[in-house]
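Colleague: Quick one: this structure, given as structure tokens, is what I'll be asking you about.
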Amino acid sequence: IMKWLLFIFLFFDADPINKISHENKIKTEAEEAFKRRDFKIAADKYQYLSDSLKVTDDHTLLNLGHSLFNLKELSQAAKVYEKLYTSTDGHIRSIAAQQLGIISYKGDNDKDKALVFFKESLKANPHNEEARFNYEYLKKLQEKKEDPKIDNKKDKNDNKDQKSGEPSD
């Protein structure tokens, strides 16, 4: 009987300790790649964790989304962020909504949809200053288009710290 049990553990990888150890190793490798800004390797490792090892924790998925976003794979990143949009963790949900707002603005050029996501981000976490900035910035852009009498000089002074004419990442 002992031989059969050993056979099962060795050949069917039924040992949960080995599975956890393997997951932790891949997570560490993914995190290190992300810190090095090697988003391709990070995305591959996070994708492997998600698809093959069935790791579904919010932080792993969030890092997968960020890796794909940094690779400019916006549609794939959006799919990951959409999964996190219903997270029970308000901080994670806020970040996911913020990223979906950025993707809506940059990828789809849909300012209205982006505004909705930024607003939802703030509902999930009222302290998310990046989402607040993006929401207020887009709101101001919309108001300027609706009322062409708004003085452009004031806008330029208000946004002198903003390097580009779009929401921040």
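The values are calculated or read from the model by the stated rules, or taken from the named source; none is laboratory data. Since the model is a prediction, treat every value here as computed from it, not as a measurement. Virtual Cβ from ideal backbone geometry, glycine too; neighbours counted across all protein chains shown. Side chains are part of the model used for accessible areas, which takes the heavy atoms of the whole protein and leaves out ligands, DNA and RNA. Shrake-Rupley method; radii C 1.70, N 1.55, O 1.52, S 1.80 Å.
Colleague: Closer than 27 Å to Tyr135 by Cα and at pLDDT 95 or above - does that describe any residue in the stretch 21-39?
Modeller: No.
Colleague: Then there's this: Among the residues of the stretch 125-140, write down those that are closer than 15 Å to Ala96 by Cα and either of a type in the set (S, T, N, Q) or open to solvent by less than 80 Å² (accessible area, probe 1.4 Å) (or both).
Modeller: Going through the stretch 125-140, the residues closer than 15 Å to Ala96 by Cα turn out to be 125-132, 134-135.
Asn125, Pro126, Asn128, Ala131, Arg132, Asn134, Tyr135 - these are the residues of the stretch 125-140 that are closer than 15 Å to Ala96 by Cα and either of a type in the set (S, T, N, Q) or open to solvent by less than 80 Å² (accessible area, probe 1.4 Å) (or both).
Colleague: Is there any pair linking a residue in the stretch 96-116 that is within 19 Å of Glu129 (Cβ to Cβ) to one that is surrounded by 16 or more Cβ atoms within 10 Å (Cβ to Cβ) and basic (Lys, Arg), with Cβ under 7 Å and at least six apart or on different chains, and which?
Modeller: Between residues of the stretch 96-116 that are within 19 Å of Glu129 (Cβ to Cβ) and residues that are surrounded by 16 or more Cβ atoms within 10 Å (Cβ to Cβ) and basic (Lys, Arg), the close pairs are Tyr105/Lys111.
Colleague: Of all residues in the stretch 47-69, count the ones that are open to solvent by less than 50 Å² (accessible area, probe 1.4 Å) and out of contact with any Asp or Glu (no Cβ under 7 Å at 6 or more places or on another chain).
Modeller: Counting residues in the stretch 47-69 that are open to solvent by less than 50 Å² (accessible area, probe 1.4 Å) and out of contact with any Asp or Glu (no Cβ under 7 Å at 6 or more places or on another chain) gives 11.
Colleague: Something else now. May I ask you to say which residue of Asp38, Asp44, Asp110 is open to solvent by 20 Å² or more (accessible area, probe 1.4 Å) and either closer than 27 Å to Lys139 by Cα or touching a Phe, Trp or Tyr at 6+ places or on another chain (Cβ under 7 Å) (or both)?
Modeller: On the way: Asp38 fails: either closer than 27 Å to Lys139 by Cα or touching a Phe, Trp or Tyr at 6+ places or on another chain (Cβ under 7 Å) (or both); Asp44 fails: either closer than 27 Å to Lys139 by Cα or touching a Phe, Trp or Tyr at 6+ places or on another chain (Cβ under 7 Å) (or both).
Asp110 is the lone residue from the list that is open to solvent by 20 Å² or more (accessible area, probe 1.4 Å) and either closer than 27 Å to Lys139 by Cα or touching a Phe, Trp or Tyr at 6+ places or on another chain (Cβ under 7 Å) (or both).
Colleague: Now, a different point. Scanning for something in contact with a Pro (Cβ under 9 Å, 6 or more places away or on another chain) and in a helix (DSSP H, G or I), does the stretch 108-116 turn up at least one residue?
Modeller: yes
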